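The values are calculated or read from the model by the stated rules, or taken from the named source; none is laboratory data. In this text, all values refer to a predicted model and were calculated from it rather than measured experimentally. In this analysis, Cβ positions are derived from the backbone assuming ideal geometry, glycine residues included, and neighbour counts consider all displayed protein chains.
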Amino acid sequence: MENLGIDVKLIVAQMVSFGVFYLVFKKFISGPLFGFLKKQKEQEELRDKLAGDLEKRSAQLEEKDKAMDKERKAALTKAIAASKKEALVVKAEIVAEAKKEAEALVEAAKTQIQAERETMQKDMRKQIVEICVMIVEKALHDYLTPQARKDITKHIIEQAPKAKI
Amino acid sequence: MIIEPKLKADLKAYLLDRLKTKKVAKVVVKAPYLLGDDEIQMLKQRIEMLGKATIHQEIDESILAGCIIQFGSQVIDLSLNSELQTLEHILYETV
């Protein structure tokens, strides 16, 4: 054995030291080490699980967001259509009212024109009558001789009614 | 109302005098010419008061014919001018 270079004592000593090492390792180191490794593994699994959950939730939220967006757009379109409809109705009302007011103004103007026309006609008649009487007066003034005046005066006095004063 | 004493006294004296003296009424007759006696007589027959009053005649060229009798604030218009005015009113109302 010595010719092969194998030292039995050395081997034994190494085996003993290995055995001691193994015992020490098993008793003092392996437990905590394996526990630590287990813990690390568990933590890694938990992290993977959480990551998966987060991704799922994120996908869900995105879907929800898209759905809400769609709803909002639909509601907005509906509101715009309703407002347009209402605006058309209000516009029609305003136009009708304006037409009514315009007609009333036209009627009032017509009435005023008619009234002014009548006033003007009245004034014209009055002036015509005044001018006619003035012409007659002037003509009589020029035409009546003193004798004619006397005759007319006599006639007026004869025709005058009796007055008790 | 405060009236001056002297003015008050004068006014009182005047009114008393007017009451005391019975004056004959004055009548003004306006015509385009001086009316003759017969015409005055006809007027007196028509208007009672003229019989008791003194008649003053005035010539008014603006009167076409007829006469205007004025006593105090009262006026009787028998002129042709007033007839023309009446005609004017009638024409205006009817036309």
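From A:165, A:152, A:113, A:80, grab the single residue that is β-branched (Val, Ile, Thr), under 30 Å from residue B:79 (Cα atoms) and modelled with pLDDT of 90 or more.
One residue alone meets the criteria, A:152.
Whenever a residue of the stretch B:24-53 is facing another protein chain (nearest Cβ under 7 Å), its partners that are hydroxyl-bearing (Ser, Thr, Tyr) and assigned to a helix (DSSP H, G or I), lying with C-beta atoms within less than 9 angstrom and at least six residues away or across chains, give the pairs B:31/A:153; B:32/A:153; B:33/A:153; B:39/A:153.
In contact with a Leu (Cβ under 8 Å, 6 or more places away or on another chain) and either small (Gly, Ala, Ser) or under 30 Å from residue A:159 (Cβ atoms) (or both): is that true of residue B:45 in this structure? Criteria not met by residue B:45. Close Cβ contacts (under 9 Å, 6 or more residues apart or on different chains) running from residues in the stretch A:109-123 that are under 21 Å from residue B:93 (Cβ atoms) to residues that are not small (Gly, Ala, Ser) comprise A:122/B:92.
Out of all the residues in the stretch B:54-65, which are of a type in the set (S, T, N, Q) and either at the interface with chain A (Cβ under 10 Å from one of its Cβ atoms) or touching an Asp or Glu at 6+ places or on another chain (Cβ under 7 Å) (or both)?
B:62
Screening residue B:59 with (1) among the β-branched types (Val, Ile, Thr); (2) more than 30 Å from residue A:125 (Cα to Cα); (3) at pLDDT below 90 gives one miss only, at (3).
Taking the criterion of being more than 10 Å from chain B (Cβ to nearest Cβ) and among the β-branched types (Val, Ile, Thr), the residues of the stretch A:111-165 that qualify are A:111, A:113, A:119, A:131, A:135, A:145.
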